[in-house]
Amino acid sequence: MKRVSNLRRRKVQELVALALAAVLSFAFAAFPVGQKKKPPAKPLDLNTATAEQLEQLPGIGPVTAKAIVRFREKSGPFQRVDDLLAIHRISKSRLDKLRPYVTVAAPAKKRVGSHDEPRL
């Protein structure tokens, strides 16, 4: 009887080990560890980029990306790339790593005589 229970215990341990290995392999496949992000091919405009696009930037995760969008919504458009320093999670060294991948486009100028301007 003792031999049967030892055999069962061993089988259960093997099944648990196999199940754990399957779960871990799935977790590592779903969440790649140690892989670097592929930065965007051309610089992102800080005033038009979505949070998802900002997450492509090196050193920017979902929380920081959302903070950038929130800052832009509350404070208005970025005037220059250095304005990112106002974001809590962005330090000078992180900004230096981001600089090649971000830009601030000049605001579009209104045409004189456009229909948007009131006539006097």
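The values are calculated or read from the model by the stated rules, or taken from the named source; none is laboratory data. If you're wondering where the values come from, they're calculated on a predicted model, not measured in any experiment. Positions of Cβ are backbone-derived with ideal geometry, glycine not excepted, and every protein chain shown enters the neighbour counts. With ligands, DNA and RNA removed, areas are computed over all heavy atoms of the protein, side chains included. Shrake-Rupley method; radii C 1.70, N 1.55, O 1.52, S 1.80 Å.
Screening the candidates Pro62, Pro58 for the property of being surrounded by fewer than 12 Cβ atoms within 10 Å (Cβ to Cβ) and closer than 16 Å to Lys37 by Cβ yields one hit, Pro62. Looking across the range 37-55, the residues that are open to solvent by less than 40 Å² (accessible area, probe 1.4 Å) and either touching a Ser or Thr at 6+ places or on another chain (Cβ under 8 Å) or acidic (Asp, Glu) (or both) come down to Leu44, Asp45, Leu46, Leu54. Among the residues of the range 88-95, is any open to solvent by 40 Å² or more (accessible area, probe 1.4 Å), of a type outside the set (Ser, Thr, Tyr), in contact with a helix residue (DSSP H, G or I) (Cβ under 9 Å, 6 or more places away or on another chain) and within 19 Å of Pro40 (Cβ to Cβ)? For the range 88-95, residues open to solvent by 40 Å² or more (accessible area, probe 1.4 Å), of a type outside the set (Ser, Thr, Tyr), in contact with a helix residue (DSSP H, G or I) (Cβ under 9 Å, 6 or more places away or on another chain) and within 19 Å of Pro40 (Cβ to Cβ): present.
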